[in-house]
There are 2 protein chains.
Amino acid sequence: MSPKKTQENDISTEERIKNAARTVFHQKGYAATRTRDIAEEAGINLALLNYYFRSKEKLFDIIMMEGLGSFVQSMTSVFNDQQTTLYEKVAAIVEGYMDLFWKEPELPVFVLSEMRRNPEVLMERMQHKQYILDSYFLKQYFEAVEKGEVEPISVFHFIMNITSLTIFPFISGPMLKAIAGLTNEQHQALMQERKKLIPQWIKLMFNKQA
Amino acid sequence: MSPKKTQENDISTEERIKNAARTVFHQKGYAATRTRDIAEEAGINLALLNYYFRSKEKLFDIIMMEGLGSFVQSMTSVFNDQQTTLYEKVAAIVEGYMDLFWKEPELPVFVLSEMRRNPEVLMERMQHKQYILDSYFLKQYFEAVEKGEVEPISVFHFIMNITSLTIFPFISGPMLKAIAGLTNEQHQALMQERKKLIPQWIKLMFNKQA
DNA sequence: GTAAATTTTAATCAGGCGATTAAAAAATTT
DNA sequence: AAATTTTTTAATCGCCTGATTAAAATTTAC
């Protein structure tokens, strides 16, 4: 059925196909991607692609799950750390996403646009609900509100603001370049600055001013 | 060639096709959309669609330009108003986008994901560069920085933050619902709150605290 | 009511694309 | 060197989809 593993040599080809698939899928999305494109990008032929992964959809599912995973992982890895303060967690989340999307700039649009195609799949895969809602992160936020340190605003606004300020500038980069005539270097420098600025901004937004 | 205008009756059908196209394109994107879907959605047949608009791509271009237009218009209509203060403009921009995306929730992802397919087209259509850079809005911002009222942060951060906080929650709605188990009603209520909150947050972020 | 314009029907075409297959070739293992 | 595994080649199949066409049916205009 699938290629036998002679030592671990084949990992190379299988991984090469997956990497190619990631590149093309992220760039063009599922529908606009041709399996022939992936094969070419991987430097192999179409037959071999179907030899390793049985179909375009199977291959896509793998890429999508990986993307969805790293999306969620950037959050969950931080959420239940008992050693860090609320704002240390904010800084960690921002940094995590920045690093991730630096390597995979097309990932946000890819996930968010493909999700729109069939949201059911996402809903099934995600029973994380309680996982997030019961997290130490949220507990800390509620406690800070109780103590009067933080404005009594829905924690979802808190999360929305962090993710918005961090992720959206990646997504809208091309648009800002086109509209405002920003160069790649300028945009890059701005994004670098935001690593430090966003946590400060979040503090300003939610911390109660004496 | 194209249907003769008998009075202005035909506006009805042409517009119906365009509306259907907008719906389907926004939902599925260019590649995943079948012209047959659009025809069905419009309640007409495929032949008629090609009778009015010569091809799928022609029809798509119209929808894309409309979307791009309303995207930009929400900004430009406010940017050169000499009568409003800086923060009144912020409130106007937020409100403008909120109203727009309330009617067309899929517009942001649509534009931003299709833009990725061929960014060249966007770059050509947009010579707005000076239009934005020379706007009264930016002038006001620079003046406020000069006067020491506003933190000396790049105006692009200012713009990024406004658009991020406003637009991204629309885009990430499905994700937040899936991950955190948010209901439609909860999400809707949150978005309503943000109309008032975002301008306040912007002020907190950029106004110099005495 | 007749003429003109619009819309439908039905059939068809061409091209693209996902997928499969068998056999040859190349690489790897033993 | 022989056996086994991996990869290529080349051809093909079937389906989907965008697009076109001619004729019929329907609606609208005058």
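The values are calculated or read from the model by the stated rules, or taken from the named source; none is laboratory data. Here the structure is a predicted model, which means the values were calculated and not measured. Cβ placement follows ideal geometry from the backbone for every residue including glycine, while neighbour counts extend to all protein chains displayed.
Let's see how each residue does on (1) within 12 Å of DNA strand D (Cβ to nearest atom); (2) in contact with a His (Cβ under 9 Å, 6 or more places away or on another chain):
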{"site": "A:Ile11", "(1), (2)": "yes, no"}
{"site": "A:Arg36", "(1), (2)": "yes, no"}
{"site": "A:Ile44", "(1), (2)": "yes, no"}
{"site": "A:Lys89", "(1), (2)": "no, no"}
{"site": "A:Glu104", "(1), (2)": "no, yes"}
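Against the condition within 7 Å of chain B (Cβ to nearest Cβ), farther than 27 Å from A:Leu133 by Cα, hydroxyl-bearing (Ser, Thr, Tyr) and free of Cβ contacts under 8 Å to residues at least 12 places away in the same chain, how does A:Ser164 come out, does it pass? No; evaluated as a whole, the condition is false for this residue.
Residues are listed down the side, and each one gets a yes or a no for (1) more than 22 Å from the chain's Cα centre (by Cα); (2) at pLDDT 95 or above; (3) surrounded by 18 or more Cβ atoms within 10 Å (Cβ to Cβ); (4) closer than 20 Å to A:Asn207 by Cα:
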| site | (1), (2), (3), (4) |
| --- | --- |
| A:Ala39 | yes, yes, yes, no |
| A:Ile63 | no, yes, yes, no |
| A:Pro108 | no, yes, yes, no |
| A:Arg117 | no, no, no, no |
| A:Leu122 | no, no, yes, no |
| A:His128 | no, no, no, no |
| A:Asp134 | no, no, no, no |
| A:Gly148 | yes, yes, no, yes |
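Checked against (1) within 14 Å of DNA strand D (Cβ to nearest atom); (2) modelled with pLDDT of 95 or more; (3) more than 12 Å from chain B (Cβ to nearest Cβ); (4) in a helix (DSSP H, G or I), A:Tyr30 passes all but condition (3). Residues in region A:60-74 that are within 14 Å of chain B (Cβ to nearest Cβ) and either without any contact (Cβ under 8 Å) to a residue 24 or more places away in the chain or touching a strand residue (DSSP E or B) at 6+ places or on another chain (Cβ under 6 Å) (or both) were compared, and the one that is nearest to DNA strand D (Cβ to nearest atom) is A:Gly69.
Check region A:1-13 and report whether any residue there is in a helix (DSSP H, G or I), modelled with pLDDT of 95 or more and either away from every other protein chain (no Cβ under 14 Å) or away from DNA strand C (no atom under 16 Å from the Cβ) (or both). The answer is no; no qualifying residue exists. Do we have B:Thr183 as touching a Lys or Arg at 6+ places or on another chain (Cβ under 8 Å), in contact (Cβ under 8 Å) with a residue 60 or more places away in the chain and either closer than 28 Å to A:Arg117 by Cα or facing chain A (nearest Cβ under 8 Å) (or both) here? Taking the combined requirement at face value, the residue does not satisfy it.
Against the criterion of being away from DNA strand C (no atom under 12 Å from the Cβ) and modelled with pLDDT under 95, A:Leu86 does not qualify. Here B:Leu112 meets the list (1) out of contact with any Phe, Trp or Tyr (no Cβ under 7 Å at 6 or more places or on another chain); (2) within 16 Å of DNA strand D (Cβ to nearest atom) almost entirely, failing just condition (2).
When only residues in region A:92-144 that are among the polar types (S, T, N, Q) and touching a residue at least 40 places away in the same chain (Cβ under 8 Å) count, which is farthest from the other protein chains (Cβ to nearest Cβ)? Across region A:92-144, the extreme among qualifying residues is A:Gln140. Per the listing A:Pro105, A:Pro119, the residue uniquely in contact with a helix residue (DSSP H, G or I) (Cβ under 8 Å, 6 or more places away or on another chain), more than 30 Å from A:Gln192 (Cα to Cα) and away from DNA strand C (no atom under 16 Å from the Cβ) is A:Pro119.
Here the condition is being closer than 30 Å to A:Gly29 by Cα and among the hydrophobic types (A, V, I, L, M, F, W, C); of B:Leu107, B:Leu86, it holds for B:Leu107 alone.
Residues of region B:33-65 that are of a type in the set (Val, Ile, Thr), more than 12 Å from DNA strand C (Cβ to nearest atom) and in a helix (DSSP H, G or I): B:Ile38, B:Ile62, B:Ile63.
Rundown of residues vs (1) at the interface with another protein chain (Cβ under 7 Å from one of its Cβ atoms); (2) in contact with a strand residue (DSSP E or B) (Cβ under 9 Å, 6 or more places away or on another chain); (3) modelled with pLDDT of 95 or more, yes/no style:
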{"residue": "A:Phe158", "(1), (2), (3)": "no, yes, yes"}
{"residue": "A:Ala178", "(1), (2), (3)": "yes, no, no"}
{"residue": "A:Gln200", "(1), (2), (3)": "no, no, yes"}
{"residue": "A:Lys203", "(1), (2), (3)": "no, no, yes"}
{"residue": "A:Phe206", "(1), (2), (3)": "no, yes, yes"}
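Put simply, of A:Gly96, A:Gly148 the only residue that is among the small types (Gly, Ala, Ser), over 20 Å from B:Lys177 (Cα atoms), out of contact with any strand residue (DSSP E or B) (no Cβ under 9 Å at 6 or more places or on another chain) and outside any helix (DSSP H, G or I) is A:Gly148.
Starting from region A:37-59, take each residue that is away from every other protein chain (no Cβ under 14 Å) and list its partners that are of a type in the set (Gly, Ala, Ser) and more than 13 Å from DNA strand D (Cβ to nearest atom), counting only C-beta distances under 7 angstrom and pairs at least six apart or across chains. Hits for this filter: A:Ile38/A:Ala21; A:Leu59/A:Ala21.
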